[in-house]
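The values are calculated or read from the model by the stated rules, or taken from the named source; none is laboratory data. What you see is a predicted model, and the numbers here were worked out from it, not measured in a lab. Virtual Cβ from ideal backbone geometry, glycine too; neighbours counted across all protein chains shown. The accessibility values were calculated without ligands, DNA or RNA, using every heavy atom of the protein model including side chains. Shrake-Rupley method; radii C 1.70, N 1.55, O 1.52, S 1.80 Å.
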Amino acid sequence: MLSTLIFLASGQAMADWENLPATGVSVGSDTSAYILCNPTGNFGSGSASGAPVQPTSVTEACALLPATDAAVPDSNFTGLNRIPIGSKTRSIYMNNSYTNYTDINIGVMREYVWRRPTNDGYECIYGMKVTMNFNDYDLNQPYSQFFEINDLARKGWSGKTVNVAYSTVPTSADPTYRIGRTFTSIQHSAGVSYIAQPPVGLDSSPAITSTQKADLNSDWIVFTTRADVVSGMQYVRTECSANDLTTASDAIRLRQTSRDGQPPIEIEVEGFLPN
């Protein structure tokens, strides 16, 4: 009963969902797979007066202000539909050449899925966030190397109309800087040559690139933020079915994109698939 009351707890102004079109958005004379949400703090490279600024209002692009992580971030979900139909906390393991091909637990992934009936069927919200645990992942280097997540990507959106948003409530997480309908994560660093909304035209689909282009991919959504301690919640809202939830071992990808000179690394994490 207590957990149900927690999920039902609210107190929110939650309105600023942004459409993420499969055809991209116009940026000058170019097309970009990315919409811009919160460009403060130079995408996580800023500090002091130039540090990222958390949203304080839903008038800010993509920003929602739910009462808690577990509160459904949409006031149209009422009654029992405010209780998640799925929630899961999973350990995040890195296993690659940096870990000498042993499992190292670098953090946890928390997911929620909410569903409500509509006139046309059902609508679902998929939310995710990560919390890091400061375990050294590079066993071949002196001192400790901690994984920094710059992008969170998740698959399964082909053929769906999607709206996206994020929340930093109640943590001190960085905002989400941009969100893309693409598979590719793009390095953004402190330099002046980095592009906030990169154009299409890469003509390939790497997981991570320093080239400031990313092609459209309607099956994937990429959230750009910075999480070396904790991320904000990252949300996708779309039509869905009444079917049971399913998962895939690679539904979510966590990417370190070399924002501060770290090696580019991708980690696959099990997650819920849109149904």
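Below are the figures for this structure:
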quantity	calculated
Scope segment 120-137; condition more than 22 Å from N163 (Cβ to Cβ) and assigned to a strand (DSSP E or B); matching residues	T131, M132
Any chance N140 is of a type in the set (S, T, N, Q), touching a residue at least 40 places away in the same chain (Cβ under 8 Å) and assigned to a loop (DSSP other than H, G, I, E, B)	yes
Residue match in segment 243-266 (condition: in contact with a strand residue (DSSP E or B) (Cβ under 6 Å, 6 or more places away or on another chain), among the hydrophobic types (A, V, I, L, M, F, W, C) and farther than 24 Å from S167 by Cα)	yes
Residue count, segment 166-182 (criterion: part of a strand (DSSP E or B) and farther than 10 Å from G232 by Cβ)	4
2 or more residues among the β-branched types (V, I, T) and out of contact with any Leu (no Cβ under 6 Å at 6 or more places or on another chain): qualifying strands (runs of 3 or more DSSP E) within segment 8-119	25-27, 86-94, 104-118
Filter result for S158 (at pLDDT 95 or above and either more than 20 Å from V113 (Cβ to Cβ) or buried (at least 21 other Cβ atoms within 10 Å of the Cβ) (or both))	no
Among (1) open to solvent by 50 Å² or more (accessible area, probe 1.4 Å); (2) modelled with pLDDT of 90 or more, the one test that A15 misses	(2)
Test: residue in segment 187-210 that is assigned to a strand (DSSP E or B), of a type outside the set (D, E, K, R) and under 13 Å from the mean Cα position of the chain (by Cα)	no
Count of residues meeting criterion [surrounded by fewer than 22 Cβ atoms within 10 Å (Cβ to Cβ) and within 23 Å of Y137 (Cα to Cα)] in segment 107-124	3
Every pair of residues 6+ apart whose Cβ atoms lie under 8 Å, when the first sits in segment 228-252 and is over 21 Å from N133 (Cα atoms) and open to solvent by 30 Å² or more (accessible area, probe 1.4 Å) while the second is among the acidic types (D, E) and modelled with pLDDT under 95	E239/D120
Output for segment 253-265, where each listed residue is out of contact with any Asp or Glu (no Cβ under 8 Å at 6 or more places or on another chain) and open to solvent by 60 Å² or more (accessible area, probe 1.4 Å)	G261, P264
Among the residues listed as S231, S189, S185, the single one being within 19 Å of G41 (Cβ to Cβ), among the hydroxyl-bearing types (S, T, Y) and either modelled with pLDDT under 95 or touching a helix residue (DSSP H, G or I) at 6+ places or on another chain (Cβ under 7 Å) (or both)	S189
